[in-house]
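Here the structure comes first, spelled out in structure tokens, and everything after it is commentary.
The values are calculated or read from the model by the stated rules, or taken from the named source; none is laboratory data. Keep in mind that this is a model prediction, so the values were computed, not measured. With ideal geometry, Cβ positions are generated from the backbone for all residues, glycine too; neighbour counts draw on all protein chains shown.
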Amino acid sequence: MKMFKIASAYALTVSLTALLTACGGNTNTQSSTETQSNAIESAKVDTRVKDIRIVGSSTVYPFSTKVAQEFGNKTGFKVVVESTGSGGGHKLFCDGNGPETADVTNSSRRQKKSEFEMCTENGVEGVIEVKIGYDGIVIANAIDAAPIDMRLKDIYLAFAKQVPVSDTDCTLQPNPYTNWQDINPDLPPQTIEAYGPPPTSGTRDAFVEIAMEGGAKTIPCLAVLRKNDKKAFGNIAHTLREDGKWIDGGENDNALVQTLVNTPSAIGVFGYSFLDQNTDKIKGGYVDGAEPSFENISSGVYPVSRSLYFYLKKDHVGKTPGLQEYALEFTSEEASGPGGYLEDIGLVPLTDAERAKVRADVENLRAYSQ
Amino acid sequence: MSQIENPETKSKKKKNRKSGKKPHKMTSLHNSEAALLRLKKRRAKEGRFILWGRLAIGFAVASLMWLLFSLVGTGYTAFTQHFITLDVKLEASILDPTDIRDPEKLRAANYRRLIQTSMQAQIEGVTDRKEKRALFNLVSASGATNYVRQKVYKNPNLVGQTLTVTVPTSDEVDQLLKGYIDRETPEARRKVSNQQIEWIDELVDRGVIKPKFNTIFFTGTDSRDPELAGIASAVVGSLMLLSVAFILAFPIGVGAAIYLDEFAPKNKWTDLIEININNLAAVPSIVFGLLGLAVFLNFFGMPRSAPLVGGMVLALRAFPTITIATRAALRSVSPSITNGALSVGASHVQAVFHHKLPLAAPGILTGTIIGMAQVLGETAPLLMIGMVAFVTEIPTSVMEPASALPVQIFLWSDSAERAWSERTSAAIIILLLVLITMNGFAIWLRNKLEKRR
């Protein structure tokens, strides 16, 4: 008897699932009056008509999902956006050219040469590169803390693991600086303490490549080294200090903002949109005299900014319905133009000329080459 | 604790050994000063143990309360939302200049301008372009345009008429009225300008903006806009995952346990299998995701983001838990039950299935529910098989792309807009409620089965 109970509870769940699977169409607004057989038929149709599948960067994810939503509303096409990170996205994207592979990958940096080659090797040829806008990387602190205005050189000297003894003598020493004033007397007299993105993050890569490397380049003897031995220079410029002055925060930038509010002496490194949303709690530090603002990032006056991209398989246009239309929606004025809905959520738009060029690439399906 | 007590217990053991040498002096053993001292010490120790126990419970309860209070404290406001009522004139000249009433064309038309016009009808004297934009930002741009859009798409005859709609305000207005945006903050640092606040207060006074129960949160699917985001698609996705995982893991887990405990020969092979099952329970869950990616997606070519694959991966996660719990439950049944059955002529299979298993059922079910609760909270393995995704439709079959509730919580918590924090907390409250319901059901089932024992 009791065995029967267990068995019947199990059978109940099985049949409930079957019901959920078969009649699920009823929860869909489009087909509220469908009979079960119709629902099964429409499910068959659903598997035939492919969704647009997007993978890639978590930085581009908010913009990509916004376009997916607006595009879906306007046209009824279904877009599935996965947040896998830039590297993971390129891997999935270049995995093959079949219909089950991703149509688009979002990226917070350009596709690497190795990734492009992987694509070609796996038969993915004709990739269209679409630049969508810019993202500033800000160095912020609590709203009531001392304002910061640092040069790229200060950033390098504050966070590198090894720094040259002086501007002209490139003998390396472990980073001796503990106070901002040791580096630059104009900076506030505070201990160096920074919270930044972990090594897995694309924001970290961009910070290291743009801010740290940019700072290292301004030191004359390192500039010479860069010409002679690029690899050695890269090592010196890209390695962050490990003595506790730079602290890897989590991937969650909201938590980072909270940390800055609680620790006024600390500074934090994260994407511009989090500064934009929290201007009542934190303020962005000036870099090379430029404030991290929409206008400055867009014009390139603010030095620490990067371009955001998505990549599209030319071969999938026509096979994945709505794919080109999605890319056109993304590059439309309403979406990524000045005053568009993507600007509202923190994307720094391209200039009109740049956007026109990118849009033409999408219209003509012009593949790019490395 | 144990470090402090160890020397004491050692010394006590020594004393016991000493006194144990003369067992016949019973009276002095209990009444002597040394004995009384020992007794006092023992009682103090017991008292201390109870105190520690109480402190442990107190600590556990306090942390749970703290978690619940902070969650409910930030989350409860997400259950209401501010809505704005607008008269939208569906002008044919904007929506359908060619007058064909083609639904597809109507769907792609520019609804932004209609909403802008109806907002300007609410507040007089807004002419400046910048002001118009600020005024339009009070309403949920995506929510309002899409609401009208879908109405017109379904019923093209509406064009030319005036529609009265109640749509969500923008998340910033909602946050301001809920007090999450401080009016005292200097204007430059605030997301809402002084003029906007003036407008909002006027609209609230006139009853155009009103708080309402947030049905969107329960019936809506995931959205990029916090004011439109809901948990329905994620909840359905999670239910599908749970069902698939249960259907696979329960029979396999229970079956494996019964066979291993009752019928399998005891040799080094079954020992090895047992060790492996126990190890499997401790494997980090991301490993199951990698396995799912390699086997189900790459080898069998199953679709990405499908709850079927997710459920299969999570079944692997739940199966060892269920097996271990089932074996413990079977062992706790008194051998006299089986022996009794065997002695009156039942076969081994009959003895196990008719007598032993029903008595073990409460334990098995508890183990299963714990396994399922683990599955409900998993996100890591889902990343590998593509379920950390933005899905705007409620999945209708286990082969369609879906997300899951914990995944959605994770994605929401990492979004920049302030309004996400209350929604994240609210979604966690829902997840906890589902867990409590599941555990409650397990307890109810267990009590019911135990009564009939």
- [ ] Kindly list the number of the only condition in (1) at pLDDT 90 or above; (2) more than 14 Å from chain A (Cβ to nearest Cβ) that fails for residue B:307.
- [x] (2)
TODO: Would you confirm whether any residue within segment A:95-118 is surrounded by 17 or more Cβ atoms within 10 Å (Cβ to Cβ), of a type outside the set (A, V, I, L, M, F, W, C), in contact with a Leu (Cβ under 6 Å, 6 or more places away or on another chain) and more than 19 Å from residue A:325 (Cα to Cα)?
DONE: yes
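Going through segment B:280-314 one residue at a time, which ones are in a helix (DSSP H, G or I) and farther than 17 Å from residue B:241 by Cβ?
Let us first name the residues in segment B:280-314 that are in a helix (DSSP H, G or I), namely B:280-282, B:285-299, B:307-314.
If the condition is that a residue be in a helix (DSSP H, G or I) and farther than 17 Å from residue B:241 by Cβ, then B:280, B:281, B:282, B:287, B:290, B:294, B:295, B:298, B:299 are the ones that fit.
Scan segment B:242-273 for residues that are buried (at least 16 other Cβ atoms within 10 Å of the Cβ) and within 14 Å of chain A (Cβ to nearest Cβ) and report the count. Explain how you work it out, then say what you get.
Start the filter on segment B:242-273 by keeping residues that are buried (at least 16 other Cβ atoms within 10 Å of the Cβ), which leaves B:242-250, B:252-254, B:256-258, B:260-262.
Next, from what is left, pick out any that are within 14 Å of chain A (Cβ to nearest Cβ): B:242-250, B:252-254, B:257-258.
Adding up the residues that qualify gives 14.
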Open item on the list: Given the condition under 22 Å from residue A:203 (Cα atoms), at pLDDT 90 or above, within 14 Å of another protein chain (Cβ to nearest Cβ) and in contact with a strand residue (DSSP E or B) (Cβ under 6 Å, 6 or more places away or on another chain), answer yes or no: does some residue in segment A:289-309 qualify?
Closed with: no
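If I filter segment A:80-87 for residues that are within 11 Å of chain B (Cβ to nearest Cβ), farther than 29 Å from residue B:149 by Cα, out of contact with any strand residue (DSSP E or B) (no Cβ under 8 Å at 6 or more places or on another chain) and at pLDDT below 90, do I get at least one hit?
Looking for residues that are within 11 Å of chain B (Cβ to nearest Cβ), farther than 29 Å from residue B:149 by Cα, out of contact with any strand residue (DSSP E or B) (no Cβ under 8 Å at 6 or more places or on another chain) and at pLDDT below 90, one finds none in segment A:80-87, hence no.
Starting from residues that are assigned to a loop (DSSP other than H, G, I, E, B) and touching a residue at least 60 places away in the same chain (Cβ under 8 Å), keep the ones in segment A:257-278 and report whichever is nearest to residue B:186 (Cα to Cα).
Initially, segment A:257-278 is screened for residues assigned to a loop (DSSP other than H, G, I, E, B), giving A:263-266, A:278.
Within this subset, residues satisfying the condition of being touching a residue at least 60 places away in the same chain (Cβ under 8 Å) are A:263-266.
Details: A:263: 22, A:264: 19, A:265: 22, A:266: 23 Å.
So the residue we want is A:264.
Look at residue B:284 and say whether it is loosely packed, with under 13 Cβ neighbours inside 10 Å, in contact (Cβ under 8 Å) with a residue 40 or more places away in the chain, closer than 30 Å to residue A:91 by Cα and of a type outside the set (Phe, Trp, Tyr). Even if it seems obvious, please write down each step before you answer.
Values: loosely packed, with under 13 Cβ neighbours inside 10 Å: yes; in contact (Cβ under 8 Å) with a residue 40 or more places away in the chain: yes; closer than 30 Å to residue A:91 by Cα: yes; of a type outside the set (Phe, Trp, Tyr): yes.
Against the criterion (loosely packed, with under 13 Cβ neighbours inside 10 Å, in contact (Cβ under 8 Å) with a residue 40 or more places away in the chain, closer than 30 Å to residue A:91 by Cα and of a type outside the set (Phe, Trp, Tyr)), residue B:284 qualifies.
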TODO: Could you grab me the full set of residues in segment B:367-407 that are within 11 Å of chain A (Cβ to nearest Cβ), within 30 Å of residue B:443 (Cα to Cα) and of a type in the set (Gly, Ala, Ser)?
DONE: B:403
Task: Condition check for residue B:320: assigned by TED's automatic domain parsing to the domain that holds residue B:406 and in contact with a Leu (Cβ under 6 Å, 6 or more places away or on another chain) - done: yes
- [ ] Might you check whether a residue that is at pLDDT 90 or above and part of a strand (DSSP E or B) occurs anywhere in segment B:356-373?
- [x] no
TODO: Just name the residue that is farthest from residue B:143 (Cα to Cα) out of those in segment B:179-200 that are acidic (Asp, Glu) and within 11 Å of chain A (Cβ to nearest Cβ).
DONE: B:184
- [ ] Mind listing just one residue for me: the one in segment A:65-81 that is under 18 Å from the mean Cα position of the chain (by Cα) and closer than 21 Å to residue A:131 by Cβ and, of those, surrounded by the most Cβ atoms within 10 Å (Cβ to Cβ)?
- [x] A:81
- [ ] Could you list, in sequence order, all residues of segment B:370-420 that are in contact (Cβ under 8 Å) with a residue 60 or more places away in the chain and among the small types (Gly, Ala, Ser)?
- [x] B:371, B:373, B:380, B:386, B:389, B:402, B:403, B:404, B:415, B:419
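In segment A:124-219, which strands (runs of 3 or more DSSP E) lie fully inside it and hold 2 or more residues that are touching a helix residue (DSSP H, G or I) at 6+ places or on another chain (Cβ under 7 Å)? If you could, list the steps in order and put the result at the bottom.
Numbers: elements: A:127-142, A:162-164, A:172-174, A:194-196.
Strands (runs of 3 or more DSSP E) meeting the threshold: A:127-142, A:162-164, A:194-196.
The rows are residues; the columns are (1) touching a strand residue (DSSP E or B) at 6+ places or on another chain (Cβ under 8 Å); (2) at pLDDT 90 or above; (3) not charged (D, E, K, R).
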residue	(1), (2), (3)
A:135	yes, yes, no
A:160	yes, yes, yes
A:166	no, no, yes
A:172	yes, no, yes
A:194	yes, yes, yes
A:213	no, yes, no
A:216	yes, yes, yes
- [ ] Filter segment A:231-288 down to the residues that are within 14 Å of chain B (Cβ to nearest Cβ) and among the β-branched types (Val, Ile, Thr), then identify the one that is farthest from the chain's Cα centre (by Cα).
- [x] A:261
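Only one of these is surrounded by fewer than 19 Cβ atoms within 10 Å (Cβ to Cβ), in contact with a helix residue (DSSP H, G or I) (Cβ under 9 Å, 6 or more places away or on another chain) and either of a type outside the set (A, V, I, L, M, F, W, C) or under 30 Å from residue A:96 (Cβ atoms) (or both): A:259, A:263, A:239. Name it.
Values: A:259 fails: in contact with a helix residue (DSSP H, G or I) (Cβ under 9 Å, 6 or more places away or on another chain); A:263 fails: in contact with a helix residue (DSSP H, G or I) (Cβ under 9 Å, 6 or more places away or on another chain).
The conditions single out A:239.
Being under 20 Å from the mean Cα position of the chain (by Cα), within 30 Å of residue A:363 (Cα to Cα), outside the structural domain of residue A:193 (by TED's automatic domain parsing) and part of a helix (DSSP H, G or I) is the requirement here; does residue A:329 meet it?
On the way: under 20 Å from the mean Cα position of the chain (by Cα): yes; within 30 Å of residue A:363 (Cα to Cα): yes; outside the structural domain of residue A:193 (by TED's automatic domain parsing): yes; part of a helix (DSSP H, G or I): yes.
In short, yes.
Table: residues versus (1) among the aromatic types (Phe, Trp, Tyr); (2) in contact (Cβ under 8 Å) with a residue 60 or more places away in the chain.
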position	(1), (2)
A:317	no, no
A:326	yes, yes
A:335	no, yes
A:341	yes, yes
A:345	no, yes
Open item on the list: Of the residues B:330, B:308, B:342, B:314, only one is in contact (Cβ under 8 Å) with a residue 40 or more places away in the chain and farther than 30 Å from residue B:403 by Cβ; which?
Closed with: B:330
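Please state which one of B:239, B:228, B:176, B:163 is over 17 Å from residue B:423 (Cβ atoms), within 14 Å of chain A (Cβ to nearest Cβ) and buried (at least 16 other Cβ atoms within 10 Å of the Cβ). Show your work before the answer.
Details: B:228 fails: over 17 Å from residue B:423 (Cβ atoms); B:176 fails: over 17 Å from residue B:423 (Cβ atoms); B:163 fails: within 14 Å of chain A (Cβ to nearest Cβ).
Only one candidate passes the filter, namely B:239.
For segment B:81-97, which positions are small (Gly, Ala, Ser) and under 12 Å from residue B:117 (Cβ atoms)?
B:93
Kindly establish whether residue A:273 is surrounded by 22 or more Cβ atoms within 10 Å (Cβ to Cβ) and touching a Leu at 6+ places or on another chain (Cβ under 6 Å).
Values: surrounded by 22 or more Cβ atoms within 10 Å (Cβ to Cβ): yes; touching a Leu at 6+ places or on another chain (Cβ under 6 Å): no.
It is false that residue A:273 is surrounded by 22 or more Cβ atoms within 10 Å (Cβ to Cβ) and touching a Leu at 6+ places or on another chain (Cβ under 6 Å).
Conditions (1) crowded, with 22+ Cβ neighbours inside 10 Å; (2) not assigned by TED's automatic domain parsing to the domain that holds residue A:329, marked per residue:
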| residue | (1), (2) |
| --- | --- |
| A:121 | no, no |
| A:125 | no, no |
| A:128 | no, no |
| A:141 | yes, yes |
| A:145 | no, yes |
| A:150 | yes, yes |
| A:157 | yes, yes |
Task: Top-ranked residue in segment B:61-93 [being part of a helix (DSSP H, G or I) and hydroxyl-bearing (Ser, Thr, Tyr); ranked as surrounded by the fewest Cβ atoms within 10 Å (Cβ to Cβ)] - done: B:93
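Filter segment B:288-304 down to residues that are away from chain A (no Cβ under 14 Å) and free of Cβ contacts under 8 Å to residues at least 60 places away in the same chain and give me whichever is nearest to residue A:101 (Cα to Cα). Write out each step before concluding.
As a first pass, look at segment B:288-304 and keep what is away from chain A (no Cβ under 14 Å): B:288, B:291-292, B:295.
Filter once more, keeping what is free of Cβ contacts under 8 Å to residues at least 60 places away in the same chain: B:291, B:295.
Working: B:291: 19, B:295: 16 Å.
It comes out as B:295.
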